[in-house]
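**Student:** Pasting a structure here, questions to come.
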Amino acid sequence: MMLAIDIGNSSIVTGVYDENDQLAFIFRIATTHDKTSDEYAMLLHSFFEQKGCRFNDVTGVIIASVVPTIMHRFRRMCQDYLHVTPLIVGPGIRTGLSIHYQDPKEVGADRIANAVAAIARYGAPCIVVDIGTATTFCCIDAKHRYRGGVIAPGAAISTAALSNKASKLPKIELTKPASVVGKTTVASMESGTFYGHIAMIDGVVERIKGEQRLDDAKVIATGGLAYLYAEESKQIQHLEQELTLSGLKYIYDKNQ
């Protein structure tokens, strides 16, 4: 088996690929900064036991992380418990992308994985919208050049900031409202958060297409909250919930 591990700001997602290169299982845990490599190993071991798998079955691991401290713990876990040296997405790894960033090292490993998977599945040019803790946009042209992107506050962060800074506004859940115009404070906040974020997504994608002359770019959404916004968006064409894991599998195969 091969493990693809995506360490994000809010959650850590582990995809287990079987001997037929199929995504067999997905294991999600919350991102916490106080767990040791041994504790992460025990969590993974419990998941493996439930699925009838063993650590000895693992022949390879690839990791994409935007949280460096946790990434180091996972590297040690792989070495100590899986007896595998993981492939870390970063400089020197073959991806098939040409990164046109002022400093290519600044591009998040998850964004690189998303771009690789989007090209493999839908072709280029394409725009990847990752809707999670932050909402990010990645722009890839027909020559597989990663031209750059956009990083915006995520819907959850924006909602939390609103309730924290305005004493009379309560905390709300992210949900699709019954109508655009709310009849209560909560309904109005739900509408503003939901439709405001969709308007931001569609507006940014439209501006990217215009500025970069990518009118024919496919638009793919992924991320923990993508399911909530993809259907209502006028720009998003495809929803790929596990795009990052797919990209990690493609990158792993490229580097064997």
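The values are calculated or read from the model by the stated rules, or taken from the named source; none is laboratory data. Treat the numbers as computed from the prediction; the structure is a model and nothing was measured. Positions of Cβ are backbone-derived with ideal geometry, glycine not excepted, and every protein chain shown enters the neighbour counts. Heads up: the accessible areas ignore ligands, DNA and RNA and are worked out on the full protein's heavy atoms, side chains in. Shrake-Rupley method; radii C 1.70, N 1.55, O 1.52, S 1.80 Å.
**Student:** Mind checking which pairs have a first residue in the stretch 63-92 that is closer than 17 Å to residue 17 by Cβ and a second that is acidic (Asp, Glu), Cβ under 6 Å, 6 or more apart or different chains?
**Tutor:** That search, which allows pairs on different chains as well, returns 64/6; 64/110.
**Student:** Consider the stretch 148-199. How many of its residues are over 22 Å from residue 222 (Cα atoms), touching a Pro at 6+ places or on another chain (Cβ under 9 Å), surrounded by 14 or more Cβ atoms within 10 Å (Cβ to Cβ) and small (Gly, Ala, Ser)?
**Tutor:** 3
**Student:** Determine which single condition residue 27 fails, assuming it passes every other condition in (1) assigned to a helix (DSSP H, G or I); (2) open to solvent by less than 40 Å² (accessible area, probe 1.4 Å).
**Tutor:** Every condition holds for residue 27 apart from (1).
**Student:** Another one. Would the stretch 197-218 turn up any residue that is within 30 Å of residue 18 (Cα to Cα), out of contact with any Lys or Arg (no Cβ under 8 Å at 6 or more places or on another chain) and outside any helix (DSSP H, G or I)?
**Tutor:** Checked the stretch 197-218: at least one residue is within 30 Å of residue 18 (Cα to Cα), out of contact with any Lys or Arg (no Cβ under 8 Å at 6 or more places or on another chain) and outside any helix (DSSP H, G or I).
**Student:** Can I ask one more? List pairs: first in the stretch 93-109 and in a strand (DSSP E or B), second at pLDDT 90 or above, Cβ under 7 Å, 6+ apart or cross-chain?
**Tutor:** Within 7 Å, the pairs are 98/144; 98/145; 98/146; 99/107; 99/146.
**Student:** How many residues are open to solvent by less than 100 Å² (accessible area, probe 1.4 Å) and either at pLDDT below 90 or within 16 Å of residue 7 (Cα to Cα) (or both) when one looks only at the stretch 91-100?
**Tutor:** The qualifying residues number 1.
**Student:** I'd like the full set of residues that are among the polar types (S, T, N, Q) and open to solvent by 30 Å² or more (accessible area, probe 1.4 Å), limited to the stretch 101-123.
**Tutor:** 102
**Student:** Go through the stretch 230-242 and count every residue that is open to solvent by less than 30 Å² (accessible area, probe 1.4 Å) and either at pLDDT 95 or above or in contact with a Pro (Cβ under 7 Å, 6 or more places away or on another chain) (or both).
**Tutor:** The total comes to 2.
**Student:** Please tell me if residue 6 is open to solvent by 70 Å² or more (accessible area, probe 1.4 Å) and not hydrophobic (A, V, I, L, M, F, W, C).
**Tutor:** It is false that residue 6 is open to solvent by 70 Å² or more (accessible area, probe 1.4 Å) and not hydrophobic (A, V, I, L, M, F, W, C).
**Student:** So, one more: Identify the residue in the stretch 200-215 that is open to solvent by 80 Å² or more (accessible area, probe 1.4 Å) and closer than 16 Å to residue 234 by Cβ and, among all such residues, is farthest from the chain's Cα centre (by Cα).
**Tutor:** The selected residue is 215.
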